[in-house]
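A.B. asks: Take this structure, written in structure tokens, and hold onto it; I'll ask about it next.
The values are calculated or read from the model by the stated rules, or taken from the named source; none is laboratory data. Everything numeric in this text was worked out from a predicted model, so none of it was measured. No Cβ is skipped: glycine too gets one built from the backbone with ideal geometry, and neighbour counts run over all protein chains shown.
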Amino acid sequence: MTLNRVRSALTRAVPIVALVTGLSACYDDPFSPYWDRGTYYLSYANNRPVPTIVSGGSAPGSARIEVTRGSLTLRRDYSYKLLVDVREWTGTGQFYEYTKVFAGTYENDDRAIWLTYYEPGDYYSSSMVANWRNGRIEVAVPGVDGGYPVLCVFD
């Protein structure tokens, strides 16, 4: 094979390799149109493995709020559902369980998504920003700890 033939073959191969690399990079982007949307499960709340106490005392009989589990479902039609299960303990040892539910639409912006939602009685939407980091989705979920958000990490 002559040097000109080798150069010619490399000239054709380099653009093909670049195209394949570019397409595979788009496919790996979690919020690209090619990503297989699905359900992610809550693994950390405020940087601690779930279930965990997010506020209050850890001693028996103390008032506290625990995050027990949750999920985030992203759908191809750009709708979502976010659930966070909470157990609220009183000082007398009684507890109440409820689920914080958010649903609406989302928009993606590179490795971030904007999750829109409506509070009861509001005419205008609010939004949460979720970030894709190292194969996980991180989002500060409002109102889980009373009026305060809780950083939730979904795998």
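A.B. asks: Would you confirm whether any residue within the stretch 88-106 is surrounded by fewer than 17 Cβ atoms within 10 Å (Cβ to Cβ), of a type in the set (A, V, I, L, M, F, W, C), touching a residue at least 12 places away in the same chain (Cβ under 8 Å) and not in a strand (DSSP E or B)?
C.D. replies: No, because not a single residue in the stretch 88-106 is surrounded by fewer than 17 Cβ atoms within 10 Å (Cβ to Cβ), of a type in the set (A, V, I, L, M, F, W, C), touching a residue at least 12 places away in the same chain (Cβ under 8 Å) and not in a strand (DSSP E or B).
A.B. asks: Could you grab me the full set of residues in the stretch 47-62 that are of a type in the set (S, T, Y) and under 24 Å from R136 (Cα atoms)?
C.D. replies: Answer for the stretch 47-62, where residues must be of a type in the set (S, T, Y) and under 24 Å from R136 (Cα atoms): T52, S55.
A.B. asks: Just give me the residues in the stretch 126-155 being among the polar types (S, T, N, Q) and at pLDDT below 90, in sequence order.
C.D. replies: N134 - this is the single residue of the stretch 126-155 that is among the polar types (S, T, N, Q) and at pLDDT below 90.
A.B. asks: Turning to a different aspect of this structure: So L82 ticks every box in (1) more than 15 Å from S127 (Cα to Cα); (2) at pLDDT 90 or above; (3) touching a Lys or Arg at 6+ places or on another chain (Cβ under 9 Å) but one. Which box is left unticked?
C.D. replies: Here L82 clears every test but (1).
A.B. asks: Of everything in the stretch 122-155, what is assigned to a strand (DSSP E or B) and either touching a helix residue (DSSP H, G or I) at 6+ places or on another chain (Cβ under 6 Å) or among the acidic types (D, E) (or both)? Give them in sequence order.
C.D. replies: Answer for the stretch 122-155, where residues must be assigned to a strand (DSSP E or B) and either touching a helix residue (DSSP H, G or I) at 6+ places or on another chain (Cβ under 6 Å) or among the acidic types (D, E) (or both): E138, D145.
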